[in-house]
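Peer 1: Mind having a look at this structure? Questions to follow.
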Ligand SMILES: *Cc1c(COP(=O)(O)O)cnc(C)c1O
């Protein structure tokens with residue numbers, strides 16, 4: 001286990017806050033952040049936590065206190081970063097589809113830079129900066145056309161993906177930017193995908209982008225920030241993890257002879273292992289030979305299995321009102337009753353599963369289970385399909401638990417609709 005969330009603690013939290021419930025170990029977040037920072041200590045570096053992995057304000061604030069910056073992909077995330085106490089000069093903003101109002105607010109907020117993803121976007125930024133009378137600091141997201149060897153939905157560094165621009169276009173954009181009085185190109189960026197478990201594509205990407213950086217410097221374009229994106233993978237089941245030392249060395253090698261500050265945008269690596277999703281068993285049922293365990297969490301709480309066929313191991317936290325020992329050391333009697341089951345939620349979709357074909361002991365109403373490694377892209381992807389309120393979120397530090405977001409309530413979910421309905425009926 002990579003966090004301190006033992007069964008006794010989770011059973012206590014389930015009792016206190018109800019289920020489904022996200023629980024995060026803040027100490028684990030600290031450890032992961034510091035490991036990343038340390039890996040790059042030989043150079044000037046800025047770790048910009050990718051908010052989209054988990055954007056709860058308490059988590060961002062915790063990282064802000066550790067010195068983290070923020071990588072944002074919407075103006076909403078920029079606002080969250082500022083609200084949570086991340087200084088504006090540590091905030092960067094990426095994304096292929098920034099709206100005019102988002103660009104305008106980002107420029108007014110005076111964040112470190114915008115990662116630009118097309119020539120058309122660069123022209124919009126120039127015109128908005130001109131209207132505002134400011135100089136827009138930018139970086140170009142370069143698509144190095146490298147196969148990151150990850151799931152196709154989270155692979156972003158190939159020309160067939162919508163992200164970034166090819167090297168030739170990037171050069172032209174930098175020349176355009178240098179010649180514009182409203183734009184100051186200060187960085188270069190690439191991000192080839194998420195959940196990367198192979199170092200080679202990152203090494204190749206860094207080499208290609210470093211080469212481009214040298215040619216930009218030769219054109220007197222002063223690149224100060226070399227942004228290597230995020231994407232470092234974690235172990236969910238049996239994946240290989242890239243050692244951070246090797247990761248940093250590969251990047252440092254590519255940067256030999258370049259005087260730049262390294263920016264990293266890890267999301268999953270920082271928070272992924274810190275969180276579990278606690279859920280209660282509702283029913284067991286058998287359709288023919290197939291066994292289902294139906295729980296009170298569903299794909300609206302945790303999308304990753306439905307979206308990517310992602311695997312999150314599940315442990316039994318409490319059975320028959322007895323908190324399980326950590327390794328679920330079942331008595332031989334129970335072991336002989338184990339069988340394979342799918343663990344599913346209540347949503348009207350066959351893709352609504354949380355675990356498939358796993359071996360489980362007999363479970364009954366009110367038994368408690370927990371899905372592991374859901375700190376990243378768990379709650380941040382949660383939604384309210386089937387009018388299911390989003391779960392509560394709880395932090396744990398030094399064995400103390402504290403609410404960081406209550407469960408959504410029905411009244412809030414429908415409040416704006418009720419207002420709209422009433423306005424239409426009363427005609428004002
Ligand atoms: C999603 C994203 C990240 C973070 O990816 P992880 O796999 O969570 O580390 C970083 N940078 C950009 C531009 C992203 O879109």
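Peer 1: What do you get for the angle between helix 119-132 and the principal long axis of the chain? Use alpha-carbon atoms, 0 to 90 degrees, nearest ten.
Peer 2: 80
Peer 1: So what are the radius of gyration and Dmax for the Cα set of the stretch 94-266, in Å?
Peer 2: 16.1, 53
Peer 1: If you average over every viewing direction, what projected area does the convex hull of the Cα atoms of the chain give, in nm²? Before the final figure, lay out each step's value.
Peer 2: Working: hull surface 95.8 nm².
Computing the convex hull of the Cα atoms and averaging its projections yields 24.0 nm².
Peer 1: Okay, helix-only estimate at 222 nm for the chain: each DSSP H run of n ≥ 4 adds -39500 (n - 2.57), divide by all residues, round to 500 deg cm²/dmol; what do you get? Don't jump to the answer; show the numbers that get you there.
Peer 2: Working: 13 runs with 141 residues, N = 428.
Using -39500 (n - 2.57) per qualifying helix, the result is -10000 deg cm²/dmol.
Peer 1: Can you give me the angle between helix 26-39 and the longest principal axis of the chain, using Cα atoms only, in degrees from 0 to 90, rounded to the nearest 10?
Peer 2: The answer is roughly 30 degrees.
Peer 1: Pairs of alpha-carbon atoms within less than 8 angstrom and 6+ residues apart define the contacts here; what relative contact order does the stretch 94-266 have, in percent?
Peer 2: 20
Peer 1: Normalised by the number of residues in the stretch 273-412, what is the relative contact order in percent for Cα pairs under 8 Å and 6+ residues apart? Mind showing how you got there, number by number?
Peer 2: Details: 276 pairs, mean separation 45.2, N = 140.
Result for the stretch 273-412 is 32 percent.
Peer 1: Select from 264, 72, 409 the residue whose mean-square fluctuation is largest in a Gaussian network model of the chain (Cα-Cα springs shorter than 10 Å).
Peer 2: Judging by the Gaussian network model, the answer is 409.
Peer 1: Hey, another quick one. Running a GNM on the chain with Cα contacts under 10 Å, which residue among 234, 186, 334 ends up with the highest mean-square fluctuation?
Peer 2: Taking springs between Cα atoms under 10 Å, the residue moving most is 334.
Peer 1: If you fit an axis through the alpha-carbon atoms of helix 100-109 and take the longest principal axis of the Cα set of the chain, what angle between them do you get, 0 to 90°, nearest 10?
Peer 2: It works out to around 80 degrees.
Peer 1: Calculate how many DSSP beta bridges within the chain are antiparallel, expressed in % of all such bridges and rounded to the nearest 5. Provide the component values of the computation, followed by the final result.
Peer 2: Working: 31 of 67 bridges.
Among the beta bridges of the chain, antiparallel pairing accounts for roughly 45 percent.
Peer 1: Would you mind calculating the relative contact order of the chain from Cα pairs under 8 angstrom and at least 6 residues apart, reporting the percent as a whole number? It would help to have the intermediate numbers written out before the result.
Peer 2: Working: 917 pairs, mean separation 80.2, N = 428.
That works out to 19 percent.
Peer 1: 7 Å from Cα along Cα→Cβ at both residue 338 and residue 99: what's the point-to-point distance in nm?
Peer 2: In this crude label model, residue 338 to residue 99 measures out at 5.1 nm.
Peer 1: Pick out which of 336, 380, 194 has the largest mean-square fluctuation in a Gaussian network model of the chain, springs linking Cα atoms closer than 10 Å.
Peer 2: Residue with maximal mean-square fluctuation among 336, 380, 194: 336.
Peer 1: I've got another one for you. Which distance in Å, rounded to a whole number, links the C-alpha centroids of the stretch 376-425 and the stretch 192-223?
Peer 2: With the stretch 376-425 and the stretch 192-223 each reduced to a Cα centre, they are spaced 40 Å.
Peer 1: Please report the spacing between the Cα centers of the stretch 257-310 and the stretch 72-123 in Å, no decimals.
Peer 2: What the calculation gives is 28 Å, centre to centre.
Since every read-out is calculated from the coordinates, none of them should be taken as a lab result. As the structure is a prediction and not an experimental result, all values here were calculated from the model. Note: ideal-geometry Cβ built from the backbone for every residue, glycine included; neighbour counts use all protein chains shown.
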